[in-house]
Each structure stands twice: as C-alpha cells, then as structure tokens.
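Here's the structure we're looking at; comments come further down.
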Amino acid sequence: MDFGFAAEDEAFRAEARAWLDEYAKDAQDRRSWERVLGKAGWIGLGWTERGYGNRSATLTQQVVWAEEYARSGAPARSGHIGEKLLAPTLVAHGTEEQKARFLPAVAAGDELWCQGYSEPGAGSDLAAIRTKAELGSDGVYRVSGQKIWTSLAHEADWCFVLARTDPESSRHHGLTFLLVPMDQPGRIEVRPIRQMTGTSDFNEVFFDGAHARVEHVVGGESGGWRVAMSLLGFERGVSTLAQQVGFAAELGRVVRAAVESGAVEDPVVRERLVRQWAELRVMRWNALRTLGRSGDAGAPSVAKLLWGGWHQRLGELAVLVRGAAAGVGPGEWSPSAPYELDEAQQLFLFSRADTIYGGSDQVQRTIIAERVLGLPREPKGGV
C-alpha cells in the first residue's frame, strides 16, 4: 500500500519547515506562541472552506504540518485542545452562532481550552459522571461538581464540560455538553496535581455554581453523550501521526543509550529494540489507513491500545538499557528540589499512565468487543 505524499504536499512541507526553523527558536511563553502561530495562519488548517480558519490545507497537508511541528522541537502546544477537540466538535454539532463566536478565537490563538470529562470515580467510565448543571429562570446553568486529570486547566480561558442536567437520569442519559468560562473566582477553583515525576501537568477543577449560558449548550440539552462520543473520535488521525514523530525521537534516544551502555550486545535487548521499531511502523500505517474515515467505532480504541502499550514498553526499555545508572538522578537532592529526573526516568514514570488515561485498556477492549465484534454486553453490578 502506497502512503507517499504528492508534490504539492512536499512543497507545503518545505514551507512549514522553513517557517518553523525561523520562528520556533524564538518562542517565548506558550500563550504568546499560540498567537504567533495564529497570526501566521498555522492554526485551523483546512477550516477556510467553512469560513473560520486561517488557510486552506488538505488532510495530507495537515499531517505534514503536524509532523514538521513535532520534528522542529517547537514548544508543546497549549491550544491543541481547542483546535483539535473543541473546533471539530463545534463544526459537527454547534450552531452557527457558536461557530462564529468560538472558532475565530481558537484560530487566532486568543482563547485556550481544557476538557471537563473525567471525575473521581468516573474516569474511564464516563457515563458515571456526577457533576450537575441546573438551569435557572435567567437562562443560566449553575454547574457544581469536580473534574480531575484536567490538562491545562490552569491556563485555559474556557472548559467544555459534560454535566448531568436531568437529576433523574442515569448513565449516558440526561447529560449535556456545556461551554464554561474559567474566569469565575469563587465559583471555579483549579488545583494542580503533583505527579510522581515531580511535575504538575494535570489539575483538579472544582465547580461551585459556575455559570454557563444556555446559548453555550452544544448539541441540545441531554444531547451531551452523542457530542462527547463524537469528540473522542477526533483524538485519532492527524494528532496520532504527529504523536508518532515524538515516539520515533524517543526510540532513537533509547537506541543510542543502549549502544552507549553496551546493552545492545544482549540479543534479548536487541530483539526488543527491533520490535519497538517494527511496531511503531505498524502504528503509522494503521493511522494512515484510517485517516479521514468516520463511522468506524473500533478505530479510536485500536489506536489507543496500540500506542498506550507501545509507549509503556518503551519507557521500560529506557531504564533497562541504562542498567544501575537508571536509578540515579541527574542532580543532587535539596529541600527545594527533592529529586530531579532525566529524560529516560521521566519517560518511564510518565508512561505508566498511558494504559489508563484517555480510557483504560480494559475499557477499549470492551468497546471493541461490544461495538465491533458484537459480543454480549458486559454484566453490570458484578453479576
């Protein structure tokens, strides 16, 4: 199967690479960088046909941009949740007024978003959420509850929140998809979660009567489950291919470490390194095979199972090839910095969560079993 790029795609690649070479090295804080990207027309590629984005781009050119961005070493994006998750969801389910209000601000890099899905006790089991939203006579919803593992909540201007608007409902019924402004002192509190890597990439978010306007309901009241499932499908495709560029760079570092430590002389280690390389190629082909398709209920789950386990095994290899040196940090301990981690240690510890966040492996296998293979539904309540 031929997965090559056309001549116009390669010309687009050259343009993207030249721009990144010139501007990425001077990137300052991430919010300012989003505005630089927006002004240059690199956010919202392909939206122009709908009148909201910056420049036209085919699906393959969007892949090219994502790959070149990953290769460039440019700062991690803080606007990707708005661009890659919220925007296509609004295009599919939003009103014209909602698209006109929110999409240009995302394309300009002016407004950042976070995702209010997971809760304590309702992470992979999204239908078990307990956050509630009550509609008042003034046309304003009051949102109360807690979300957890919320990436970029400390930077975000807005949060798309899945909340229960029908108090008598259960499971996936009675859920509503709300757009909630984050600047609500006294009504919204964000608490960083310190991870075992020593960093705080995620947050807890507490809503205490936070306001959301009725015109900011996407998909209608009690239509949230359909919208939420549609959004989760956007997490594969172009973003997956860009992610694999980062994976390839990590694998290259692990291979170099194996050569430097002499671990590569072990035939078992060599076999594992080769297997990681081969599986990464298979992931790329699978992502390209499913790129742009819709209606395939199992594709997102297959992709998640593939990359989650692969990345976790790479983290294990990263410390294995270092031997005893992998147990020693790069800096001396101090009260202000209890411990520091090098790249391999960060990779190992952070990748332990890969098979849990974004839907655990068990949940992904259940989706494939029930929605693709047609197997009987899993019994509830321990029966």
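At a glance:
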quantity	calculated
Highest-MSF residue in the chain out of D125, D110, D29 [GNM, Cα springs under 10 Å]	D29
Distant alpha-carbon pairs in the range 1-111 (separation over 19 angstrom), percent	45
Share of alpha-carbon pairs per 20 Å distance bin for the chain, given as whole %	25, 58, 17, 0
Inter-site label distance for Q98 and A6 at 7 Å from Cα along Cβ, in nm	3.3
Most mobile listed residue (W47, W285, W333) in the chain, GNM with C-alpha springs under 10 Å	W333
Derived scalar couplings ³J(HN,Hα) [the range 172-182; Karplus, 6.51 cos²θ - 1.76 cosθ + 1.60; whole Hz; x for Gly, Pro]	7, 7, x, 9, 10, 9, 10, 9, 10, x, 7
Average accessible surface area per residue within the range 58-185, 1.4 Å rolling probe, Å²	38
Span-rule helices in the chain, defined as complete DSSP H runs reaching 15 Å or more along the axis (Cα) with Kyte mean at least -1.0	7-23, 59-72, 96-107, 238-261, 267-290, 299-320
Largest to smallest accessible area among E250, E189, E265 [probe 1.4 Å]	E265, E189, E250
Accessible area of the chain belonging to carbon and sulfur atoms, whole % at 1.4 Å probe	54
FRET efficiency, V259 to L375 (Cβ-Cβ, R0 51 Å, nearest 0.05)	0.65
Solvent-accessible ranking of D201, D183, D9, largest area first, probe 1.4 Å	D183, D201, D9
GNM top mover of R55, R187, R256 - the chain, alpha-carbon springs below 10 Å	R256
Accessible area, probe 1.4 Å, largest first, for residues I188, I356	I356, I188
Rounded Å value of the spacing that divides the Cα centres of the range 69-105 and the range 306-357	31
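The values are calculated or read from the model by the stated rules, or taken from the named source; none is laboratory data. Quantities reported herein were computed from a predicted structural model and do not represent experimental measurements. As a convention, Cβ positions derive from the backbone with ideal geometry for all residues, glycine included, and neighbour counts pool all protein chains shown. Accessible surface areas use protein heavy atoms only, side chains included; no ligands, DNA or RNA. Shrake-Rupley method; radii C 1.70, N 1.55, O 1.52, S 1.80 Å.
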